[in-house]
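Peer 1: Provided herewith is a single structure, encoded as structure tokens, for subsequent inquiry.
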Amino acid sequence: MSSLENLPIRDDLRGQEPYGAPQLAVPVSLNVNENTHGIPEEVALTIVEKLAAAVVGLNRYPDREFLELRESLANFLGHGLSAKQVWAANGSNEVLQQFFTAFGGPGRKALSFGPTYSMYPNIARITLTDYVEAERPEGYELSPEFVAGAIAQHQPDIVLICAPNNPTGTAVTLETVRAAYGAFEGMLLVDEAYAEFSQGPSSLELLPTKERLVVSRTMSKAFAFAGARVGYMAASEAVVDAMRIVRLPYHLSALTQAAALAALEHSALMLANVEKIKVQRDRIISACRQWGLKPYDSDANFVLVAGFSDPNAVFEDLLAKGVLVRDVGIPGTLRITAGTEAETTKLLAEIALLLD
Ligand SMILES: *Cc1c(COP(=O)(O)O)cnc(C)c1O
């Protein structure tokens, strides 16, 4: 019989649990902000074709620099970006980990603005980077003065801004991003995992003048490709060179590259449901408001709903009805992903019953 306590694991990892939201087989899964619409058949066929072509070459290692994919991602992003300014990995979580490996590490500190994405402290810990979270003011909005003040106070080497912010849905202005960049000499990463749902402009437009700025994106959310594990970033060529130093060789498999290229060929189709999802998001907000709950405005594909006297009971009751949402640990709240119209109808009907 072996158990983790008996192993000579790193001291700082003792007692830690693997991170991850519950994966439960339920009819309505609204807990990890996926695009709940399936892959269109036309796209699926192109993906299968490209995978078939890649399979026969699997005896060889893949293109370590995945330049075709980087080119395709650069074209998709626009903003005059070139392949050399784009990097990708198995999910933007891996992009973040590579970023921390290159720019964080022992003796360095990362600052972020909580409540925010719970992988930031995890990745900081894994890479032995100190981590602090400045608590957002009420309403969760970040002003230029607030971020600059927190940076002056904490003197970080890395600043993370999640825009729009997970789990609150809060939008971030470019003025705030500019203020953060100007407030220190370190690396600023703007995590735009939900940018496709957002009204505001992207920090991509700031890249030409800011060599310490990194904008990360993912195919897991709006792009409906979470299972393929593809995240990416845009930055200066120098930042990409840093990522190339810390990445493991051949980290993106030939199958991943082929699937991502095929999906990007159909980017308009893959993103076709974004507007519909926003409609469902706004429907969740207005229904919850009518019932006297306190949903926060959201610029993403999920809503943080406050005002539950017993969110845990609501979570369990919804789960019993086949609807999985997320308890992110903020008192009185639940975070709910906007799914299809039918899923939202089911969700709202069940909440209405519970509130009755
Ligand atoms: C979902 C999410 C990611 C990462 O997702 P990947 O699937 O690893 O690309 C990154 N940042 C935020 C804020 C997210 O919510």
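Peer 1: Hey, can you rank 56-65, 304-313 by average C-beta count inside 10 Å, highest first?
Peer 2: Working: 56-65: 11.2, 304-313: 16.2.
Order by mean packing, descending: 304-313, 56-65.
Peer 1: What whole-number distance in Å separates the alpha-carbon centres of the stretch 1-71 and the stretch 136-159?
Peer 2: That distance is 33 Å.
Peer 1: Additional query: If only Cα atoms are counted, what is the Rg of the stretch 41-269, and what is its Dmax, in Å?
Peer 2: Looking at the stretch 41-269, its Cα Rg and Dmax stand at 17.5, 56 Å.
Peer 1: So which helices of the chain fit the span-like rule, where a helix is a whole DSSP H run, its Cα atoms reach 20 Å or more along the axis, and its mean Kyte-Doolittle is at least -1.0? Mind dumping the intermediate values first?
Peer 2: Numbers: long enough: 41-55 (21 Å, 1.12); 274-290 (24 Å, -0.58); 341-355 (21 Å, 0.87).
Once both thresholds are applied, what remains is 41-55, 274-290, 341-355.
Peer 1: Between the DSSP loop rule and a limit of at most 10 other Cβ atoms within 10 Å, which GluC sites (Glu not before Pro) in the stretch 141-191 are left?
Peer 2: On the way: sites: 141, 145, 175, 185; in loops: 141, 185.
Loop-located and lightly packed - 185.
Peer 1: Please compute the net charge surrounding residue 202, taking Lys and Arg as +1 and Asp and Glu as -1 over other residues with Cβ under 15 Å from its Cβ. List each step's numbers first, then the result.
Peer 2: On the way: positive: 178, 210, 217, 221; negative: 175, 191, 192, 196, 205, 299.
My count for the surroundings of residue 202 gives -2.
Peer 1: To the nearest 20 debye, what charge dipole does the chain have about its Cα centre, counting +1 at the Cβ of each Lys and Arg and -1 at the Cβ of each Asp and Glu? All intermediate terms of the calculation are to be shown ahead of the outcome.
Peer 2: Working: 29 positive and 42 negative charges, 90 e Å.
It works out to roughly 440 debye.
Peer 1: Which of 295, 208, 156 moves the most in a Gaussian network model of the chain with Cα springs under 10 Å?
Peer 2: 208
Peer 1: 222 nm [θ] for the chain, helices only, -39500 (n - 2.57) per DSSP H run of 4+, per residue, to 500? Write out the running numbers ahead of the final one.
Peer 2: Numbers: 12 runs with 134 residues, N = 356.
Calculated mean residue ellipticity at 222 nm is -11500 deg cm²/dmol.
Peer 1: Determine the dipole magnitude for the stretch 24-129: charges of +1 sit on the beta-carbon of Lys and Arg, -1 on that of Asp and Glu, nothing else is charged, the reference point is the Cα centre, and the result goes in debye to the nearest 20. Can you show the working numbers first?
Peer 2: Values: 8 positive and 9 negative charges, 133 e Å.
Value, rounded to 20: 640 debye.
Peer 1: While we're here: Compute the separation of the alpha-carbon centres of the stretch 229-280 and the stretch 79-135 and state it in Å as a whole number.
Peer 2: Centre-to-centre distance over Cα atoms comes out at 17 Å.
FYI, it's all coordinate maths here, none of it is from the lab. Quantities reported herein were computed from a predicted structural model and do not represent experimental measurements. Positions of Cβ are backbone-derived with ideal geometry, glycine not excepted, and every protein chain shown enters the neighbour counts.
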